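Only one structure is covered here, and it is reproduced in the block below.
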Ligand code: DOR
Ligand code: ZN
């Protein structure tokens with residue numbers, strides 16, 4: 001079986017490649033990149049004129065909700081949403097029920113995601129950093145590592161005790177396992193539901209101060225410098241966090257960080273008051289934070305983009321703002337938001353855009369992904385993006401079970417059109433050949 005992607009702009013940050021050409025996939029593996037020797041032998045040919053051909057996108061921060069909360073999302077619906085969003089590799093967070101602190105649960109995730117309905121999308125599990133995500137003692141991280149976790153985290157339940165965090169990081173350093181942290185001091189932010197500032201004051205909602213995040217960013221960076229444990233800071237949202245991470249990197253700490261599309265595209269003033277589709281943790285911050293975050297993305301202090309895809313059921317979000325759970329879905333809007341707010345505004349070049357959505361996240365958790373080099377991924381993982389197409393996001397037409405998005409009705413420029421993972425192909429309804437076929 002030979003598939004040829006013809007005449008696209010090939011963007012592969014892993015080899016600093018930005019050229020117009022063809023890519024072939026033979027028997028589920030990438031065969032040729034740039035020029036294809038006998039294109040006429042292809043079983044399937046896709047005309048990619050005007051489109052980008054990129055390594056499959058990689059998302060380090062996804063909540064798949066299984067086991068325990070499959071009414072919010074399942075591994076199958078989550079991987080389908082990933083494919084529709086251009087992602088071929090996603091890392092799933094451990095705040096499930098039970099939490100992912102047991103090797104048997106890692107086996108379950110890997111088995112389930114290898115089933116045909118998951119469409120060939122790779123799921124790389126993140127194990128619970130502490131037993132039961134209670135923040136008291138480390139999980140059996142060596143066993144979890146053997147079972148296949150790619151990082152450890154207590155995302156959503158940030159470890160409050162610095163001594164516990166230090167022990168976890170010492171252990172992970174020995175295991176050479178990256179630690180990923182949601183940074184929040186609950187003695188400052190607990191009970192809050194949005195950014196603390198003038199907007200929360202007007203709405204009369206309890207705020208979450210920026211310092212609650214920054215104190216833990218600083219603490220974890222210093223513990224990483226001390227232990228040399230690789231630390232990945234999840235969803236950076238304040239200008240102070242950016243400055244601390246910049247300093248930690250300068251000092252030589254093995255620290256990386258991500259930003260979510262909502263934090264560079266929205267601020268607290270954009271919220272529709274009391275609409276729980278704008279409630280997430282960390283919360284939307286201010287214009288000053290957004291400006292500094294955009295600068296940090298441009299200069300590279302922020303390593304990558306991750307969605308924090310956090311689906312919830314409608315009845316759960318349909319509560320008062322302070323009672324509703326934190327989180328919004330993100331897999332199916334990430335490319336649209338990123339191209340609209342970063343690439344088309346000149347913050348990132350096309351090649352840098354793909355680096356932050358694919359090659360760099362793969363490096364951070366050492367995943368066999370993020371490249372078009374033949375043989376470097378278990379199967380061919382390729383995404384085709386139309387950077388120019390304008391489309392309007394309709395949350396009712398998504399694959400995710402979660403409909404909790406602040407972008408319903410928003411128009412974006414740029415959309416993933418085809419997602420290849422091995423023999424599996426996801427093809428968007430707007431793909432021009434589909435439209436031609438339907439006409
Ligand atoms: O917005 C969020 N949603 N932040 C978190 O920390 C948890 C996550 C979730 O699991 O829903
Ligand atoms: Zn999260």
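Readers should treat all values here as calculations from the given coordinates under stated rules, not as data from a laboratory. No experiment lies behind these values; they were computed from the predicted model shown. Backbone-built Cβ (ideal geometry, glycine too); neighbour counts: all protein chains shown.
Computing FRET efficiency as 1/(1 + (r/R0)^6) for residue 20 and residue 318, where r is the C-beta to C-beta distance and R0 is 41 Å, gives about 0.25. Cβ-to-Cβ counts within 10 Å put 279, 134 in ascending order as 134, 279, the fewest first.
As a proxy for reagent exposure, 341, 408 were ordered by neighbouring Cβ count within 10 angstrom, fewest first; the result is 408, 341. Using only alpha carbons, the chain has a radius of gyration to Kirkwood radius ratio (Rg to Rh) of 0.96.
Determine, from the Cβ-Cβ distance of residue 136 and residue 187 and an R0 of 22 Å, the FRET efficiency 1/(1 + (r/R0)^6), rounded to the nearest 0.05.
0.85
Computed over the alpha-carbon atoms, the range 112-155 gives an Rg to Rh ratio of 1.09, Rh here being the Kirkwood radius from the mean inverse distance. Figure legend: label point modelled 7 angstrom from the Cα of residue 295 along Cα→Cβ; residues of the range 217-259 with amide N under 19 Å from it are 236-251, 257-259.
Within the listed set 322, 12, 386, the Gaussian network model of the chain (springs between alpha-carbon atoms below 10 Å) gives the highest mean-square fluctuation for 322. Between residue 146 and residue 347, full extension at 0.36 nm per residue minus the direct alpha carbon distance yields a gain of 68.4 nm.
Comparing 255, 202, 335 in a Gaussian network model of the chain (Cα springs below 10 Å), the most mobile by mean-square fluctuation is 202.
Helix 210-227: angle to the longest alpha-carbon principal axis of the chain, degrees 0 to 90, nearest 10? Around 80 degrees separate the two axes.
Per the Debye formula on identical point scatterers at the alpha carbon atoms of the range 207-246, with no solvent, log10 I(q)/I(0) at q = 0.14, 0.22, 0.27, 0.30 Å⁻¹ is -0.28, -0.65, -0.92, -1.07.
Which angle between 0 and 90 degrees, to the nearest 10, do you get for helix 103-113 versus the longest principal axis of the chain when only C-alpha atoms count? That works out to roughly 30 degrees. With viscosity 0.692 mPa s and temperature 37 °C, the Kirkwood radius over alpha carbon pairs of the range 255-406 converts through Stokes-Einstein to a diffusion coefficient of 197 µm²/s. Normalising the Debye intensity of the range 127-239 to I(0), with uniform scatterers on Cα atoms only, and taking log10 at q = 0.14, 0.18 Å⁻¹ returns -0.56, -0.84.
Got the relative contact order for the chain handy, in percent, Cα pairs under 8 Å and 6 or more residues apart? Working shown, then result.
Working: 1085 pairs, mean separation 85.5, N = 439.
Once divided by the residue count of the chain, the mean separation gives 19 percent.
Relative to the longest principal Cα axis of the chain, at what angle does helix 162-175 sit, 0 to 90 degrees, rounded to 10? Around 30 degrees separate the two axes. Solvent-free Debye calculation, one equal scatterer per alpha-carbon of the range 10-105: log10 I(q)/I(0) at 0.18 Å⁻¹ equals -0.89. The order of the peptides 265-272, 1-8 by mean Cβ neighbours within 10 Å, most packed first, is 1-8, 265-272.
Multiplying the residue separation of residue 162 and residue 49 by 0.36 nm and subtracting their alpha-carbon distance yields 35.4 nm.
What's the whole-number percent of alpha carbon pairs in the range 305-387 lying beyond 19 angstrom?
That fraction is 53 percent.
Sorted ascending by nearby beta carbons within 10 Å, beginning with the fewest, 72, 345, 373 become 345, 373, 72. Subtracting the Cα-Cα distance of residue 37 and residue 7 from 0.36 nm times their residue separation leaves 9.4 nm of extension gain. Looking at the range 331-439, I'd like the Rg to Rh ratio, where Rg is from alpha-carbon atoms and Rh is Kirkwood's inverse mean 1/r. Ratio of gyration radius to Kirkwood radius for the range 331-439: 0.98.
Its alpha carbons considered, the range 53-197 gives a radius of gyration followed by a Dmax of 15.7, 48 Å. GNM remark for the chain: springs join alpha carbons under 10 Å apart, and the peak mean-square fluctuation among 378, 94, 283 falls on 378.
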